[in-house]
Amino acid sequence: MSEFHYANGQLCAERVALNKVAERFATPAYVYSRAAIESQWHAYDDALAERQHLICYAVKANSNLAVLSLLAELGSGFDIVSVGELERVLKAGGDPSKIVFSGVGKRTDEIKRALDVKIKCFNVESLSELSRLDQIAAEKNLIAKVSLRINPDVDAETHPYISTGLKETKFGIAYDRALESYIQARDMTNIDVVGIDCHIGSQITTIAPYIDALGKLLDMVSELRANNIELQHIDVGGGLGIRYQDESPPAPQELIKAVCDTIADTSYEILLEPGRSIVGNAAVLLTRVEYIKENSGRNFAIVDAAMNDMLRPALYDAWLSILTVNEQNSAAVAAYDIVGPVCESGDFIGLNRELSLQEGDLLAIQSAGAYGFTMSSNYNTRPRAVEVMIDGSEMIEVRRRETVAELMEGESTL
């Protein structure tokens, strides 16, 4: 996270000290670096410069309009999983012809809207979905472009909740049914088969699972060609991991080189769907220590951010680095559990962290850009955090903090 660094004893984002962000916008606050997002997107796009390609940013990782509009300006495509994400991309200026629609449970209204705006393609995940899509397209007198998401039964070697390429998961069409599914799709009147897709998981830290999955896709492509089914693109999916603690994931350039080497003798357009690896290390969650307490020899730093603001530690037992915004502190170093005010024992940000802390100190929870705000909630009637984009020396509020009154809009008493 080179855009987050200490200068004159203060942790900064680009050229802005984070204590200044807290003074202006209060805490908890998500703080993003524009430069970090741009740099990571270019790492993918530049590495594919010699191939026809499309980087489809996975909107579920972070769907803030400022993030989406920044990527749209760069020429990015988008991977969506709901009509809500579709509307966000469109409002942010995204090109619908660069949108792929993934997800196992696309509703009829979602399919209709995506057809109306002429997205690039649907990543179809079942024969039932394929039939519904054909029927809706026929009713609209349109042709739906599709890519079948194939489940290659490849272990991504990641957390079981985010492993999506094994045969026992809900995702994709089983590999041994892929050929018959493509033949059915080919014979449908309102379906245009344009691609093949797989997505084996998230936070993947080695290249081998990608290449194993890609090998299976290429085998299937050969079978399809033998059955007079020619494709236009191969979608390798996303899921490349980032460093949270001691992981050593490959750089985007390494992954892409391996992919290009594997399909070097083909001319297919390459699609990738990165999310976490573009925004994950482009943000911190800024929080303030409200209280220091000790219970039976265990030290607790109770902060104003909670599991409703950052769910990943409670949901995945995820490890996030925690830094003090002020580099120097006169307090003694001790092992602290960094916990929030929500009434759950699972409400923690980090456990047993060696820190020098005092009440009122600011902390920066690192690697907070992906699946941070997008998974946040209003549990305990807590307004969601403010989001701030740092652009050089500028602080830009890209989502204001909710108010309690806003949380009750739409509700009524009996």
Among beta bridges that DSSP assigns inside the stretch 103-272, antiparallel share in %, nearest 5: 5 percent
Helix 65-74 axis, angle to the chain major axis (alpha carbon atoms, nearest 10°): 50 degrees
Burial ordering of 353, 276, 298, fewest other beta-carbon atoms within 10 Å first: 298, 353, 276
Helix-only mean residue ellipticity at 222 nm for the chain, each DSSP H run of n ≥ 4 adding -39500 (n - 2.57), per residue, nearest 500: -8000 deg cm²/dmol
Among beta bridges that DSSP assigns inside the chain, antiparallel share in %, nearest 5: 50 percent
Value of relative contact order over the stretch 103-272, rounded to a whole percent, pairs C-alpha under 8 Å and six or more apart: 20 percent
The chain: relative contact order as a whole-number percent, Cα under 8 Å and 6+ apart: 20 percent
Order by protection proxy (mean Cβ within 10 Å, highest first), peptides 203-212, 52-61: 52-61, 203-212
Overall form of the stretch 20-109 per C-alpha gyration tensor (a/c, 1.5; a/b vs b/c): oblate
Answer label for Rg/Rh (Cα atoms, Kirkwood Rh) (calculated), chosen among (i) 1.06; (ii) 0.97; (iii) 1.01: (iii)
Residue order, fewest to most beta carbons within 10 Å, for 345, 76, 202, 97: 345, 97, 76, 202
Peptides 361-370, 133-142 ordered by average Cβ neighbours within 10 Å, highest first: 361-370, 133-142
Folded to 0 to 90 degrees: helix 108-117 orientation relative to the chain principal axis, Cα: 80 degrees
Cα-projected label distance for residue 344 with residue 118, points at 7 Å along beta-carbon direction, nm: 4.5 nm
Sorted by Cβ neighbour density within 10 Å, fewest at the top, the residues 99, 80: 99, 80
Cα centroid of the stretch 297-331 to Cα centroid of the stretch 71-87, whole Å: 31 Å
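Values quoted throughout were computed directly from the atomic coordinates according to the rules given, and no laboratory measurement underlies them. The structure displayed is predicted, hence computed values, not measured ones. Quick reminder, even Gly has a Cβ in these numbers, built from the backbone with ideal geometry, and neighbours come from all protein chains shown.
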